[in-house]
């Protein structure tokens, strides 16, 4: 158990809908990362937050947004869903103890868009 | 451009034998970190081992060791005494410039599927 929690574990929805994925980082970690894992593109970095502020953006679609709340949990919002958004979405957290700064992953949310 | 290459889509190993999973990387940075993660069929992503670019010794964590050859830009994972539970996907990942601000994103290889035979 990495200490990172994600809910829900599975999500099945229809095209055009909107969903929210939730993540709680490990106790004490200020950084949260979101990754998408799909069969055709592998693991892709979406976005990073540090202590409530956005720090880095990857290949995140405009239909996707995220935020980190004062209690450090984070939510990833996916809207106008398309079939191609079906993927495993991971949240990871880390402290900033350079140089290792290992990212620990949650169990993931498997999103299926029908 | 930063890139991680894992050239072995699939590997087989006999139980109790050692196996090496290959990883090469491309970066222009002098300062970077290399990670290996394991993803079993259940889907979670499990951190295994880390190697910093300035580390002089190869990293080891139990049965896992990292064969780090900086000049060749390779960071191969060695699993000794394979167990049935080692059957999984293994991903190599790189983080660049940990000293350059707080952008800590990981760049991933496509993974190697390891099957341990009894």
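The values are calculated or read from the model by the stated rules, or taken from the named source; none is laboratory data. Predicted model, so just to flag it, every value in this text is computed and none were measured. Cβ sites come from the backbone with ideal geometry, for glycine too, and all protein chains shown count toward neighbours.
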Subject >> Lone unmet requirement of (1) modelled with pLDDT of 95 or more; (2) over 22 Å from residue A:3 (Cα atoms); (3) within 12 Å of chain A (Cβ to nearest Cβ) for residue B:52 >> reply: (1)
Original post:
Is it fair to say residue A:21 is surrounded by 17 or more Cβ atoms within 10 Å (Cβ to Cβ) and either more than 11 Å from every other protein chain (Cβ to nearest Cβ) or in a loop (DSSP other than H, G, I, E, B) (or both)?
Top reply: yes
Original post:
Of the residues that make up region B:39-51, is at least one touching a strand residue (DSSP E or B) at 6+ places or on another chain (Cβ under 7 Å) and over 20 Å from residue A:91 (Cα atoms)?
Top reply: yes
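Conditions (1) modelled with pLDDT under 95; (2) more than 21 Å from residue A:37 (Cβ to Cβ); (3) part of a strand (DSSP E or B); (4) more than 11 Å from chain A (Cβ to nearest Cβ), marked per residue:
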position	(1), (2), (3), (4)
B:13	no, yes, yes, yes
B:78	no, yes, yes, yes
B:82	no, yes, no, yes
B:90	no, no, yes, yes
B:115	no, no, yes, yes
Subject >> Residues of region A:88-114 classified as part of a strand (DSSP E or B) and more than 14 Å from chain B (Cβ to nearest Cβ), total >> reply: 1
Subject >> Criterion: at pLDDT below 95, under 12 Å from the mean Cα position of the chain (by Cα) and closer than 25 Å to residue B:109 by Cα - qualifying residue of A:36, A:44 >> reply: A:44
**OP:** Could you list all residues from region A:68-87 that are in contact with a strand residue (DSSP E or B) (Cβ under 6 Å, 6 or more places away or on another chain) and not in a loop (DSSP other than H, G, I, E, B)?
**Re:** A:68, A:74, A:75, A:76, A:77, A:78, A:83, A:85, A:87
Subject >> Looking only at region A:27-64, and only at residues there that are more than 10 Å from chain B (Cβ to nearest Cβ) and in contact (Cβ under 8 Å) with a residue 60 or more places away in the chain, the one that is surrounded by the most Cβ atoms within 10 Å (Cβ to Cβ) >> reply: A:32
Subject >> Criterion: within 14 Å of the chain's Cα centre (by Cα) and at pLDDT 95 or above - qualifying residue of A:70, A:25 >> reply: A:25
Subject >> Hey, residue A:96 surrounded by fewer than 18 Cβ atoms within 10 Å (Cβ to Cβ), at pLDDT 95 or above and more than 20 Å from residue A:6 (Cβ to Cβ) or not >> reply: no
